[in-house]
1. Looking only at the stretch 45-84, how many residues end up being in contact with a strand residue (DSSP E or B) (Cβ under 9 Å, 6 or more places away or on another chain) and under 18 Å from residue 8 (Cα atoms)?
2. How many of the residues in the stretch 29-71 are under 29 Å from residue 96 (Cα atoms) and touching a helix residue (DSSP H, G or I) at 6+ places or on another chain (Cβ under 6 Å)?
3. What number goes with the only condition from (1) surrounded by 20 or more Cβ atoms within 10 Å (Cβ to Cβ); (2) touching a strand residue (DSSP E or B) at 6+ places or on another chain (Cβ under 6 Å) that residue 12 does not pass?
4. Provide a single number: the residues in the stretch 1-24 that are assigned to a loop (DSSP other than H, G, I, E, B) and in contact with a helix residue (DSSP H, G or I) (Cβ under 6 Å, 6 or more places away or on another chain).
5. Among the candidates 104, 110, single out the residue that is over 18 Å from residue 16 (Cβ atoms) and touching a helix residue (DSSP H, G or I) at 6+ places or on another chain (Cβ under 9 Å).
């Protein structure tokens, strides 16, 4: 199983999801990457994200990357942070639309499918975002285990 998490700049939500899920699924046969629909290649993750990962004991190094055809072909499952990002990918890669979902949509949270970008320079808003992502990743791992990894 190869999962690609996608957000906008690939410096906050999708790398956070990548790092957290790699930790959660480290004993599973799952490969995980992340990218951004409008990312600049080579940017580091935000310092708040790095702090949150360190608080959780996760050692993670990351450089942002823009979404591309090679990444999309690599992935069995593409999970975006928002429905807008999903629609951008569907327009860019219509041939693989059946494997593109928002993270929350894929785990059954259809009413509010977006994981919003944390606001401002408040570490607590980034922690809240990490908790929201973690809850969805917990459900993702459960769902994947039932699908038969």
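1. The total comes to 16.
2. Counting residues in the stretch 29-71 that are under 29 Å from residue 96 (Cα atoms) and touching a helix residue (DSSP H, G or I) at 6+ places or on another chain (Cβ under 6 Å) gives 6.
3. Evaluating residue 12 over (1) surrounded by 20 or more Cβ atoms within 10 Å (Cβ to Cβ); (2) touching a strand residue (DSSP E or B) at 6+ places or on another chain (Cβ under 6 Å) leaves (2) as the failure.
4. 1
5. 110
Here is a yes/no grid of residues against (1) within 16 Å of the chain's Cα centre (by Cα); (2) within 23 Å of residue 143 (Cα to Cα); (3) touching a residue at least 40 places away in the same chain (Cβ under 8 Å):
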site	(1), (2), (3)
79	yes, yes, yes
86	yes, yes, no
95	no, no, no
100	yes, yes, no
119	no, no, no
122	no, no, no
125	no, no, no
133	yes, yes, yes
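No lab work stands behind these numbers, since they all come straight from the coordinates. Everything numeric here is computed off the predicted structure, so don't read it as measured data. Glycine also receives a Cβ, built like all others from the backbone with ideal geometry; neighbour counts cover every protein chain displayed.
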